[in-house]
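A short reminder: the numbers here are calculations on the coordinates, not readings from a lab. Model, not experiment: these values are computed from the prediction. In this analysis, Cβ positions are derived from the backbone assuming ideal geometry, glycine residues included, and neighbour counts consider all displayed protein chains.
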Amino acid sequence: MLRNVTGLVLAVYIATHLFNHALGVISIDAQDGLLEVLAPVWQSVPGTVVLYGSLIVHALLGLYALWVRKTLRMPTWELAQLVFGLAVPLLLIPHVFGTRVAQALLETNPTYHTVVASIWASPMAMVRQPLLVVIVWIHLLIGLHYWLRLRSRYRHALRVFYPVAVVVPLLALLGFWGAGIELRELAAVGEETVTQGYGPSATASPLSREDEARARARLASRERKAYEIYAGLLASRKAAGNPEMNPFGVAENRRNLEVAIDCVYRQRMIPRRFTVEDLFN
Ligand code: HEM
């Protein structure tokens with residue numbers, strides 16, 4: 001239940017965020033125009049608690065569900081959702097530290113002008129950011145689909161959902177591309193400076209040089225810490241009380257088979273000393 005509610009909050013955030021990117025098809029000013037409406041909502045105290053609370057709770061519940069599984073055997077769709085879900089924090093951490101956390105520590109103001117410019121200035125970010133869009137969107141679609149699939153109203157609405165599911169990320173990526181091209185053209189006529197380096201270095205900080213250097217060091221160390229915490233969570237399966245999870249379910253199946261063989265032996269249907277290996281020889 002909590003996983004669905006937090007997932008829904010994140011779905012709303014992601015859908016509006018991607019719609020905001022899509023406005024880049026019109027212009028980068030259109031993107032920043034909508035951002036001026038959305039940012040105060042998500043950056044207010046309740047908005048921040050709801051957004052980041054949902055992000056953390058959703059991720060922790062997902063990890064917990066993974067740790068208490070007896071086996072990693074699962075249908076392909078579930079595996080895809082799991083792998084994409086696990087990849088999201090790896091790709092999202094630099095983005096959040098480059099926008100929201102940088103804003104708090106460096107007193108910068110991340111806008112489409114600064115964030116898109118900084119992504120375009122970094123080949124790594126140019127791969128990471130579109131990948132994040134695709135991975136997050138697929139993870140979201142799989143989650144929504146398997147939650148709603150048995151509801152008849154959803155099945156009727158699929159005709160509308162299918163095109164929306166394809167068009168939203170496509171338009172978002174096109175908008176991101178369009179905004180980058182526009183910034184390049186503005187830079188060519190001297191109206192925009194394309195900043196170097198992804199993230200915090202992309203936006204000018206009003207702090208003094210020394211304070212800015214200190215804040216950047218703090219930002220870098222907190223980003224490292226975030227990765228360490230995530231790595232620690234990934235490694236903390238034992239804490240969930242299921243240290244014997246078998247990745248492919250072999251041991252459990254083997255135990256079941258041995259019990260079955262024992263039963264069959266007791267019925268005198270197979271010779272004594274029949275083992276699991278005999279089944280496969
Ligand atoms: C090309 C892709 C993307 C671009 C150009 C982009 C752009 C931006 C910009 C301009 C901001 C700062 C303004 C704001 O607070 O909204 C931002 C913040 C943020 N973005 Fe993105 N974004 C992209 C993809 C994504 C994706 C796929 C996610 C997935 C969840 C995401 C999550 C966030 C989050 C959590 C914040 C911080 C919001 C806050 O704390 O208020 N972004 N992004």
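Of note:
- Gain on full stretching of the segment that runs from Phe19 to Arg3 - 0.36 nm per residue minus C-alpha separation: 3.4 nm
- Charge dipole of region 2-242 (Cα centre as origin; +1 on each Lys and Arg Cβ, -1 on each Asp and Glu Cβ, all else neutral): 1640 debye, rounded to the nearest 20.
- Cleavage-rule hits, trypsin sites (Lys or Arg not before Pro), region 105-176, DSSP coil, Cβ neighbours within 10 Å at most 14: Arg149, Arg151
- Least to most buried among Glu107, Glu182, Glu36 (fewest other Cβ within 10 Å first): Glu36, Glu107, Glu182
- Fewest neighbouring Cβ atoms within 10 Å first, the residues Ile26, Ile93 line up as Ile26, Ile93.
- In this simple spin-label approximation, Leu207 and Ile56 carry label points 7 Å from Cα along the Cα→Cβ vector, and these lie 2.2 nm apart.
- Contact order normalised by residue count of region 2-242, Cα under 8 Å, 6+ apart, percent: 35 percent
- Around Leu207: net Lys/Arg minus Asp/Glu count, Cβ-Cβ under 15 Å: 0
- Order of His95, His156, His113 under a 10 Å beta carbon neighbour criterion, fewest first: His156, His95, His113
- The distance from the alpha carbon centre of region 112-140 to that of region 143-179 is 20 Å, rounded to a whole number.
- Selection from Val101, Leu90, Leu35 lying farthest towards where the dipole of region 8-105 points positive, charges on Cβ: Leu90
- An oblate overall shape is assigned to region 2-242, the ratio a/c of its alpha-carbon gyration tensor axes (a ≥ b ≥ c) being 1.5 or greater and a/b not exceeding b/c.
- Stretching Ile181 away from Phe161 to a fully extended chain increases their span by 4.2 nm, per 0.36 nm per residue minus the current alpha-carbon distance.
- Sequence ranges 2-9, 82-89, 44-51, ranked by mean other-Cβ count within 10 angstrom, highest first: 82-89, 2-9, 44-51
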